[in-house]
Amino acid sequence: MGGCAATEEAFAALTRQNLDGAYRLAWAILRDSAEADDATQDAFAIAWRKRSSLREPDRFEAWFGRILVNVCRERLRSRSRGRVRSLEAVPVPTIDDSASSVSNRDEIGRALDRLDVDHRIVVILRYWADLPVDEIGARLGIPAGTVKSRLHNALRSMRLRLEDPR
């Protein structure tokens with residue numbers, strides 16, 4: 001994309017088309033509304049500065065997705081460096097009524113939160129964004145085999161945590 005007004009308008013249109021999806025993906029990764037909003041805004045600002053590197057406008061979503069995931073990854077890493085962790089996890093009570101699906105979703109969210117940044121991102125991209133392994137690898141700049149390995153290890157870790165929430 002060059003520097004002319006038509007190109008700037010095209011970039012603005014692509015931004016408008018992808019804003020909601022970008023925010024939802026950032027929220028799924030970060031699980032915090034304010035951080036997702038900030039990450040989305042930061043990613044669009046970075047994309048604007050790097051717009052000349054977008055060669056194919058029809059690949060905007062993948063190109064921007066990589067920028068957004070990197071912004072979210074850095075925010076998660078910064079968050080984990082500053083986090084104080086308790087020595088004991090509070091056990092989650094079992095609920096036997098209609099609220100059990102909410103409880104299950106919360107347990108899955110907590111298991112996802114305990115994953116390291118790279119494992120968490122591949123799980124979100126695979127099962128929330130429904131991206132194939134090759135596309136995840138392209139967005140993250142890693143081989144498909146690494147994506148598969150991270151998915152396997154992440155799901156195993158989550159399964160263990162869901163079986164024993166401590």
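Taking the highest mean first, how do the peptides 121-128, 49-56 order by number of other beta carbon atoms within 10 angstrom per residue?
121-128, 49-56
Please list, ordered by chain and number, the residues whose modelled amide H lies under 5 Å from the amide H of Leu131; skip anything fewer than 5 residues away on the same chain.
Amide H to amide H, under 5 Å and 5 or more residues apart or across chains, Leu131 pairs with Arg126.
What list of ³J(HN,Hα) couplings, whole Hz, do you get for segment 125-136 from phi and the Karplus terms 6.51, -1.76, 1.60, once you set θ to phi - 60° and write x for glycine and proline?
Those phi angles translate into 5, 7, 9, 9, 7, 6, 8, x, 3, 4, 5, 4 Hz.
Note the full-extension length gain between Ala45 and Asp130 as 0.36 nm times their separation in residues minus their Cα-Cα distance, in nm to one decimal.
Net length gain for the segment: 28.0 nm.
Residue-wise, which Karplus ³J(HN,Hα) couplings in Hz belong to segment 137-144, taking 6.51 cos²θ - 1.76 cosθ + 1.60, θ = phi - 60°, and x for glycine or proline?
Using θ = phi - 60°, the values come out as x, 5, 5, 9, x, 10, x, 4 Hz.
Per-residue HN-Hα couplings for segment 108-121, Karplus 6.51 cos²θ - 1.76 cosθ + 1.60 at θ = phi - 60°, whole Hz, x for Gly and Pro?
5, x, 5, 5, 5, 4, 7, 6, 6, 3, 5, 5, 4, 5
Read-outs: derived from the displayed coordinates by stated rules, not from any lab. Predicted, not measured: the structure shown is a model, and the values here were computed from it. Here Cβ is always computed from backbone atoms with ideal geometry, including for glycine, and neighbour counts include all displayed protein chains.
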